[in-house]
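Step one of this worksheet: look at the structure below.
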Amino acid sequence: MPIRRFGGHKSPVSHSQTPKLSYGYRKMNISRSGYRVFSANSTTACTELAKKITERLGVELGKSVVYQEPNTETRVDVKESVRGQDIFIIQTIPRDVNTAIMELLVMAYALKTSCAKNIIGVIPYFPYSKQCKMRKRGSVVCKLLASMLAKAGLTHIITMDLHQKEIQGFFNFPVDNLRASPFLIQYIQEEIPDYRNAIIVAKTPSAAKRAQSYAERLRLGLAVMHGEANHSESDMADGRQSPPLSRTTTGHTGLELPLMMAKEKPPITVVGDVGGRIAIIIDDIIDDVEDFVATAEILKERGAYKIYIMATHGLLSADAPRLIEESAIDEVVVTNTVPHEVQKLQCPKIKTVDVSMILAEAIRRIHNGESMAYLFRNIAVDD
């Protein structure tokens, strides 16, 4: 038996054993530097996006079981080792938002306690993103959710078209806010006949920056809707307009603040010429479609002969499919960040654009430590 020297000591080691030791060490390194992709959904419809992403990456979906106990408690069982690996959790938000959030939190915590190296949440539509500002005596729920995700163990988030880009500041870890605009612009160019005769429409003045970005890229005109069809919610019942208490005693009677004149929005008007044009309404979320239906009717009255709606997240809650089908809207185009197959069966006007390509590329680049700048080529802040 040959003799090998280690630190001056002789130990009998067979040559046939050496390759096995080397191979085992090399295999351990490979597993530690790998990554896995899991889906945190308990419903079949919500796993479709995860399957498309893993197919593009050429990997298998991680083995896990996510289900609800009879008492509606969420349970997650991870069926494989994740020690020392980068783990990506894809969570598509269905109609039952709160259950999806709990599934994500429980899975992230399960992976954290299983010694995963990094836990990256892939959340294309970030829930509660509309509740990112203080209104009356409410709360900034989006900030609360960001804190909960960090506490559960997430170390990074990939999302798409946040309702307000300032939401990224709620997190104490990196957030990659991808854009769907390249895919929607490509749809306009390839699927809308005579799109050169179109005009981009902002449903509200606050959406004008996003619409302007589309208009500049497509070399089209811009129109902005201004005003309000219904009366805005009154503050009279919340105590803000209550008069100060009358004081019968002598002493300080309080400050007399200058009276602020109440705002009054005019009826809806269209700033821009839409006569004889294709109107393309741009927004980030389409959920309650009553405002979109009212906007479409006004655009028809102003002479637009076709009306499209382009939005990243198609929540399409309640009676949205029926209202779209009965309205003057010709087509609603959304991405597959939110499952909406049932709504498409109810309304053939709803079309889907696949964005799994950019999500898969983001996963690959983050795992390999590559720059994300490539995914933001020619992307403006207002997109």
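Here residue 87 clears all of (1) touching a helix residue (DSSP H, G or I) at 6+ places or on another chain (Cβ under 6 Å); (2) among the aliphatic types (A, V, I, L, M); (3) at pLDDT below 95 except the condition numbered (3). One residue stands out in the stretch 216-227 among those that are in a helix (DSSP H, G or I) and either in contact with a Lys or Arg (Cβ under 6 Å, 6 or more places away or on another chain) or among the charged types (D, E, K, R) (or both): the one that is surrounded by the most Cβ atoms within 10 Å (Cβ to Cβ), namely 217. Within the stretch 290-314, the set of residues being in contact (Cβ under 8 Å) with a residue 40 or more places away in the chain and within 30 Å of residue 46 (Cα to Cα) comprises 291, 292, 308, 310, 312, 313. Taking the conditions exactly as written (open to solvent by less than 10 Å² (accessible area, probe 1.4 Å) and not hydroxyl-bearing (Ser, Thr, Tyr)), does residue 116 satisfy them or not? So residue 116 fails the test.
The criterion of being in contact with a strand residue (DSSP E or B) (Cβ under 8 Å, 6 or more places away or on another chain) and of a type outside the set (Ser, Thr, Tyr) holds for residue 321.
Within the stretch 52-77, being polar (S, T, N, Q) and buried (at least 16 other Cβ atoms within 10 Å of the Cβ) holds for 54, 64, 74. Checked against the criterion of being more than 20 Å from residue 187 (Cβ to Cβ), open to solvent by less than 20 Å² (accessible area, probe 1.4 Å) and assigned to a helix (DSSP H, G or I), the candidates 324, 358, 363 yield just one match: 363.
Give me the residue from the stretch 195-215 that is part of a strand (DSSP E or B) and touching a Lys or Arg at 6+ places or on another chain (Cβ under 9 Å) and, out of that set, surrounded by the most Cβ atoms within 10 Å (Cβ to Cβ). Going through the qualifying residues, I end up with 202. The set of residues in the stretch 299-321 being of a type in the set (Asp, Glu) and in a loop (DSSP other than H, G, I, E, B) consists of 319 alone.
The values are calculated or read from the model by the stated rules, or taken from the named source; none is laboratory data. Owing to the predicted nature of the structure, the values given are computational and were not obtained by experimental measurement. Here the Cβ is made from the backbone with ideal geometry for all residues, glycine too, and neighbour counts use every protein chain on show. Surface accessibility is based on the protein's heavy atoms, side chains included, excluding ligands, DNA and RNA. Shrake-Rupley method; radii C 1.70, N 1.55, O 1.52, S 1.80 Å.
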